[in-house]
Amino acid sequence: MKIYRLRTHEDYVLHTQRMGNQLSEYASIEESLTPTRIGEAFSVTGYSYPAMQAVKFVVDYQSSSNGVINWRERLVCPKTGVNNRIRASIHLADIELGLYPQDSIYLTEQTTQLYGFLQHKYPNLTGSEFLGDTTARGEMNAQGLRNEDLTDLSFPDSSQDAVLSFDCFEHIPDYLAVFRECFRILNSGGGLLWSVPF
């Protein structure tokens, strides 16, 4: 995986200019993989980083626009059940955070394929969902889901080696409180990896 560190809008503009030809090549490759019969699911062979093997990725037209496949969302690994964006996030977490199997990790989701995959890899993983007032904060409901409010987490200070959150913060109006809470629960060497759509 190649990583570009873009810290400003100017960095992003310059990056898109520099990547112009390469982005066109990527679009051509994607177009060549798309079958002529639009609308039907198909497979594409490739390497799945989390599965650590070649697989036949499942591709369909969910989240597509005018018959153009959303490759970020719909290139799904049959072994892990996660899409292209989440596989890249797992790869990035391995590169940037250097997590060990015994690390304490908080994932801001629990009902997803990603949670199921990471749960096997990291036994000290804790996931949660926002259940509102139906369950006490930090407690499990009858279905085994932990209730957490990201603006007021129940974890003790400095209790987590990593916090992972994918496409969650944009749903919370007081996102600055979320960042404060994430940093509060991270230990001094811990890391936060988060994504939001743009």
Could you grab me the full set of residues in the stretch 184-198 that are loosely packed, with under 13 Cβ neighbours inside 10 Å and aromatic (Phe, Trp, Tyr)?
Phe198
Before we move on, is Tyr47 in a helix (DSSP H, G or I) and either on the phi > 0 side of the Ramachandran plot or among the hydroxyl-bearing types (Ser, Thr, Tyr) (or both)?
no
Of the residues Leu192, Leu176, which single one is assigned to a strand (DSSP E or B) and either out of contact with any helix residue (DSSP H, G or I) (no Cβ under 9 Å at 6 or more places or on another chain) or free of Cβ contacts under 8 Å to residues at least 40 places away in the same chain (or both)?
Leu192
Taking only pairs six or more apart or across chains, which ones have beta-carbon atoms under 6 Å, a first residue in the stretch 128-148 that is more than 18 Å from Tyr115 (Cβ to Cβ), and a second residue that is among the charged types (D, E, K, R)?
Arg137/Asp149
Those residues of the stretch 175-191 that are modelled with pLDDT under 95 and of a type in the set (Asp, Glu) come to a total of 0
State yes or no: is Thr36 under 23 Å from Leu75 (Cα atoms), touching a Lys or Arg at 6+ places or on another chain (Cβ under 9 Å) and open to solvent by 70 Å² or more (accessible area, probe 1.4 Å)?
no
Filter the stretch 152-166 down to residues that are among the polar types (S, T, N, Q) and open to solvent by 40 Å² or more (accessible area, probe 1.4 Å) and give me whichever is farthest from Gly127 (Cα to Cα).
Ser158
Give the residues of the stretch 1-23 that are among the hydroxyl-bearing types (Ser, Thr, Tyr) and either loosely packed, with under 10 Cβ neighbours inside 10 Å or under 15 Å from Val68 (Cβ atoms) (or both), sorted by residue number.
Tyr4, Thr8
Could we say that Arg72 is among the basic types (Lys, Arg) and within 21 Å of Gln53 (Cβ to Cβ) here?
no
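The values are calculated or read from the model by the stated rules, or taken from the named source; none is laboratory data. Values in this document were obtained by computation on a predicted structure and should not be read as measured data. Don't worry about glycine lacking a Cβ; one is built from the backbone with ideal geometry, like all the others, and counts go over all protein chains shown. What goes into the accessible areas is simple: the full protein's heavy atoms, side chains included, and nothing from ligands, DNA or RNA. Shrake-Rupley method; radii C 1.70, N 1.55, O 1.52, S 1.80 Å.
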